[in-house]
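Read through the structure below, which is laid out as structure tokens, and then see the notes.
The values are calculated or read from the model by the stated rules, or taken from the named source; none is laboratory data. Note that the coordinates shown come from a computational prediction; the quantities given were computed from them, not determined experimentally. All Cβ positions, even for glycine, are placed from backbone atoms using ideal geometry, and neighbour counts span all protein chains on display. Ligands, DNA and RNA are excluded from the accessible area calculation, which covers all protein heavy atoms including side chains. Shrake-Rupley method; radii C 1.70, N 1.55, O 1.52, S 1.80 Å.
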Amino acid sequence: MTWIFTFFQSSIGKKILMATTGILLSLFLATHLLGNLMLFGGAEMFNNYVHSLANMKPVVRFAEVILTLLFLAHIISGIRVTLENKRAKSISYKISPGPETTKLHSRSMAISGSIVFIFLVFHLQTFWYSFQNMHSADADFYDVVINSKVGYNNPLIAGFYILALLLLALHLRHGFQSAFQTFGVGDSRYKSLIETVAVFFWLVIPLGFISIPVYFGFIK
Amino acid sequence: MKITVQAWRQSSPTSAGEFVSYPVDNVSEDMSFFEMMDKLNNNLIRQGKDPISFDHDCREGICGTCGIMINGRAHGPLKGVTSCQLHMRSFKDGETLVVEPWRANSFPVIRDLVVDRSSFDRVMESGGYVSVNTGGVPDANATPILKNDVDLAFDAAACIGCGACVATCKNSSAMLFVGAKVTQYALLPQGQVERKNRVSNMVAQMDIEGFGNCTNTSACEVECPKEISVENIARLNREFLKASF
Ligand code: HEM
Ligand code: SF4
Ligand code: FES
């Protein structure tokens, strides 16, 4: 077993852990979006969807445990990697290398990730946590998500969601393709395929999520 | 041309350093950047001051000794060029050039612009070699190698170990250097015996030396004077995975 410990202590091992958890989280986002789009189908459709999830509690709970572990592993190794990297360059340049050498979204993974994390805590507290106490068969989840104080009809809340989702898009703009480079499949043969799939994950999915606060907060 | 050089001055590894500005007059556009520095140093010597130390040897872009951060660009603003191959025509009359040593904790400053890159040497010692049979030299054509592999190995072998990749990387990661070195052996028949141990040992030594973790920003590829591709980093990851499992 020591080899596995050695592996995840190595610089590349830590990145493999980040990349694996990051990709699995991206896959979760895709399924999460499919569910959320039911909001456009109206209160009845959305409530039925949440009730059907509540009816398979053990499966949902299992998924939640896995997701929590994924987030924890991703965040903890993210913090480690970031701190170690800061330590590796404790004196910075008078004129730091800038846009000629790196893209902004590649340089700001720790910042975009941290803001996504703050958003995540708020999001879980207001939606996931309040859902836990709603057991009755006619519980109106739609009302919480759309019409309550913390729902999308509040432009401040909608704006916060949009901002956080834009940062998530930036995070994935770098992160999705970066993960494949970390897995070692970054050579030119696969590059165009990875970049095409990446657009779906960094652009299409976040835009799908953003459409919800935009519609319920500002259009409707 | 008139140039102002704002150089990092530090008299020893432990002393505190500072930036000092020096005007340099009568600079010709055809001078190399180092000839301009030589001119500045001659001025300093004539004034009885310490010349600015900077590393250089071949001055033809092949030894990897030189390496200076100029206005935030490793080896200056040109692509695929070492500091010694840079000419003053790349700069404007009246420009201020901020010249700094490579900044990375694994490359401590020895004096002024000179850094200690022996961490790279220790990474090489840990695996950058091949076993050969003693005896007569084998016929060069006796071992067939795919053209594509030869090309990729040769592209990787162009790395001169200058450290610009580490210098420009916000994480001081040495993955481009190690990726190039691992690749040049992994793709050739001569490198097969130590293939797995080599990548494990070199990555372990790279970590011990305190280089940061690669976050794939690809700044290294932009600044590498030999234009080593980050595909070599992907190959390093792949080789490391294969050797670990
Ligand atoms: C749904 C949420 C998230 C997804 C889908 C996601 C996805 C990813 C992916 C795919 C990577 C690339 C891994 C690699 O380069 O090998 C990554 C890297 C990273 N993530 Fe996340 N992430 C999420 C949330 C977070 C959060 C909440 C944090 C921090 C608190 C965070 C911090 C980081 C850091 C520091 C990196 C490494 C930087 C780098 O490799 O350039 N992420 N993420
Ligand atoms: S990979 Fe390029 S930048 Fe890095 S040491 Fe080799 S030649 Fe220099
Ligand atoms: S002095 Fe040899 S590469 Fe610049």
**Prompt:** Looking at B:ILE233, is it outside any helix (DSSP H, G or I), open to solvent by less than 10 Å² (accessible area, probe 1.4 Å), within 14 Å of ligand 2 (Cβ to nearest atom) and aliphatic (A, V, I, L, M)?
**Reply:** no
**Asked** Any residue at all in region B:176-190 that is open to solvent by less than 10 Å² (accessible area, probe 1.4 Å) and polar (S, T, N, Q)?
**Response** yes
**Message:** I'm trying to understand the selection: among the residues of region A:47-66, which are of a type outside the set (Val, Ile, Thr), modelled with pLDDT under 95 and surrounded by 12 or more Cβ atoms within 10 Å (Cβ to Cβ)?
**Reply:** A:ASN47, A:ASN48, A:TYR49, A:HIS51, A:LEU53, A:ALA54
**Request:** Could you list all residues from region B:2-23 that are farther than 13 Å from B:VAL98 by Cα and in contact with a Lys or Arg (Cβ under 8 Å, 6 or more places away or on another chain)?
**Result:** B:GLN10, B:SER11, B:SER12, B:PRO13, B:GLY17
**Asked** Only one of (1) more than 14 Å from chain B (Cβ to nearest Cβ); (2) under 21 Å from the mean Cα position of the chain (by Cα); (3) part of a helix (DSSP H, G or I) is not met by A:GLY175, so which one is it?
**Response** (1)
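Table: residues versus (1) closer than 19 Å to B:GLU239 by Cα; (2) away from ligand 1 (no atom under 16 Å from the Cβ); (3) within 11 Å of chain A (Cβ to nearest Cβ).
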site	(1), (2), (3)
B:GLY161	no, yes, no
B:ALA164	no, yes, yes
B:SER172	no, no, yes
B:LEU176	yes, no, no
B:ALA180	yes, yes, no
B:GLU194	yes, yes, no
B:ARG198	yes, yes, no
**Request:** Please work out which residue is nearest to the other protein chains (Cβ to nearest Cβ), limiting yourself to region A:67-108 and to residues that are surrounded by 15 or more Cβ atoms within 10 Å (Cβ to Cβ), assigned to a helix (DSSP H, G or I) and of a type in the set (Val, Ile, Thr).
**Result:** A:VAL81
**Request:** Considering every residue within region B:27-38, establish whether at least one is of a type in the set (Val, Ile, Thr) and either closer than 21 Å to B:THR65 by Cβ or not in a loop (DSSP other than H, G, I, E, B) (or both).
**Result:** no
**Request:** Kindly indicate the residue of region B:75-96 that is of a type outside the set (A, V, I, L, M, F, W, C) and not in a loop (DSSP other than H, G, I, E, B) and also surrounded by the most Cβ atoms within 10 Å (Cβ to Cβ) among those meeting that condition.
**Result:** B:SER83
**Request:** Only residues that are open to solvent by 30 Å² or more (accessible area, probe 1.4 Å) and not β-branched (Val, Ile, Thr): list them for region A:170-190, please.
**Result:** A:LEU170, A:HIS171, A:ARG173, A:GLN177, A:PHE180, A:PHE183, A:SER188, A:ARG189, A:TYR190
**Item:** Candidate set: region A:1-54, residues that are within 14 Å of another protein chain (Cβ to nearest Cβ) and away from ligand 1 (no atom under 16 Å from the Cβ); chosen: the one nearest to the chain's Cα centre (by Cα)
**Value:** A:GLN9
**Tally, over region A:158-169, of residues that are away from ligand 1 (no atom under 11 Å from the Cβ) and either within 14 Å of another protein chain (Cβ to nearest Cβ) or open to solvent by 20 Å² or more (accessible area, probe 1.4 Å) (or both)** = 5
**Prompt:** Hey, B:ASP207 hits all of (1) in a loop (DSSP other than H, G, I, E, B); (2) at the interface with chain A (Cβ under 7 Å from one of its Cβ atoms) but one; which does it fall short on?
**Reply:** (1)
**Looking only at region B:171-202, and only at residues there that are hydrophobic (A, V, I, L, M, F, W, C) and more than 17 Å from B:VAL130 (Cα to Cα), the one that is nearest to the chain's Cα centre (by Cα)** = B:PHE177
**Request:** Answer yes or no: is there a residue in region B:57-69 that is outside any loop (DSSP other than H, G, I, E, B) and over 30 Å from B:SER200 (Cβ atoms).
**Result:** yes
**Message:** Residues to consider are B:ILE70, B:ILE110; find the one that is free of Cβ contacts under 8 Å to residues at least 40 places away in the same chain and under 20 Å from B:ASP38 (Cβ atoms).
**Reply:** B:ILE70
